[in-house]
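Since the structure comes first, as structure tokens, the remarks are kept for the end.
The values are calculated or read from the model by the stated rules, or taken from the named source; none is laboratory data. The structure presented is a predicted model; accordingly, all values stated were derived computationally and were not measured. Every residue, glycine as well, gets a Cβ built from its backbone with ideal geometry; the counts of neighbours run over all protein chains shown. Only protein heavy atoms, including side chains, enter the accessible area calculation; ligands, DNA and RNA are left aside. Shrake-Rupley method; radii C 1.70, N 1.55, O 1.52, S 1.80 Å.
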Amino acid sequence: MIVKKQPLISVALCTYNGELYIEEQLTSILNQTHTNIEIIVVDDGSTDNTVGIIEQIGKKYPQIKVYKNEFNLGYNKNFETAFKACNGDYIAISDQDDIWITEKLEILLNQISNNWLVFSNSQLINEKGELLGKQLLDKNFSIETRDFRSCLFYNSVTGHTSMFSKKFLKYLIPIPEQGYYDWYMGFIAMYHTKITYVSQCLTLHRIHQASATFKTQDKKTKTALLRTETATNLTNLQTYSGLLRADRKLISRIANSYWKKNSLFLIKLIFDDYEKFFPDLKPRSGLSRLNFAIKV
């Protein structure tokens, strides 16, 4: 009986001052049911004992490879560096403070098929690893009827839930320095309809004050920050080289209008195609839809 060899999956794990949770996350990756893995760790200038902990674990597990940046690259470029160092047929993305369920890589590999990217859901936990009773995406979330317009104003494809084929790298790199790499990544895969979704929570995603996505600002500050993030990512998306001319023109006009905050073009566009741009929000019609378009 011939046993088919498992494809190599690279885990791209970026670290920065993550000593509190890195051992627990590495343990969950090393315990995966899919065992043919390499773990590419790229540290972005940690000043705590993150690298020391990883190197100590690496003495027992040679599949862990540690790279240390000479200077801080920042969130996006650090992940780009990690992706380039990966040797696997597939690349799974890891945050430094999460916990993976043991079948995560096996499930993602079984579901990716001929797509470039597969992503999943995650459950939120606190600093102590306790469940918060919330999921990252709604339990009814689906991508079946979506197109790239659903990726323009907000992102549903989070890096820590994702795995992609290495052949996707030629479309993904270079990653813009500003904004969010996973927003850019999800948009490209969605644009080419080479993306699929697994409606299972395969990650315990830790929310704490030191995490990159934790926000402590008041509502007004959060709104302003969200607007800036959205505007930045709209600017990034229009630079993707694989866009058709008409789509680049559309995204560029949306980006310019969004910065102005009061564009009849953008109001009409959102009013006419609300469901395409915001498929996860409640249905709206009439005055409610108009008010929402003006607010955006």
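Key figures
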| item | result |
| --- | --- |
| Accessible area per residue, Å², the chain with all protein chains present, probe 1.4 Å | 52 Å² |
| Anisotropy class of the range 92-140 from Cα gyration tensor, a/c 1.5 cut | prolate |
| Nearest-0.05 FRET efficiency for residue 59 and residue 138, computed from C-beta distance (R0 41 Å) | 0.45 |
| Charge dipole (debye, nearest 20) of the chain; +1 at Cβ of Lys and Arg, -1 at Cβ of Asp and Glu | 1340 debye |
| Length added when fully stretched, residue 127-residue 33, from 0.36 nm per residue minus Cα-Cα | 31.3 nm |
| For the range 60-189: rounded, prolate or oblate by the Cα gyration tensor [a/c cutoff 1.5] | rounded |
| Net lengthening on full extension, residue 192/residue 287 (0.36 nm per residue, minus Cα-Cα) | 30.8 nm |
| Protection-proxy order for peptides 268-274, 19-25, each taking the mean of Cβ atoms within 10 Å per residue, highest first | 19-25, 268-274 |
| Modelled FRET efficiency - R0 41 Å, residue 102 with residue 247, Cβ distances, 0.05 increments | 0.50 |
| Protein accessible area in the range 57-136, 1.4 Å probe - carbon and sulfur % | 47 percent |
| Charge dipole of the range 1-54 about the Cα centre (unit charges at C-beta), most positive-ward option of 8, 53, 41 | 8 |
| Mean Cβ count within 10 Å, highest first, over the residues of peptides 173-182, 140-149 | 173-182, 140-149 |
| Between helix 286-295 and the chain: long-axis angle, C-alpha atoms, 0 to 90°, nearest 10 | 60 degrees |
| Accessible area of the range 176-289 belonging to carbon and sulfur atoms, whole % at 1.4 Å probe | 54 percent |
| Three-way shape call for the range 131-213 based on the alpha-carbon gyration tensor, with the a/c threshold at 1.5 | oblate |
| Cβ-derived FRET efficiency at R0 41 Å, residue 178 paired with residue 87, nearest 0.05 | 0.90 |
| The chain - Rg and Dmax from Cα coordinates, angstrom | 19.8, 67 |
| Charge dipole magnitude, Cβ of K and R +1, D and E -1 - the range 73-157, Cα centre, debye nearest 20 | 240 debye |
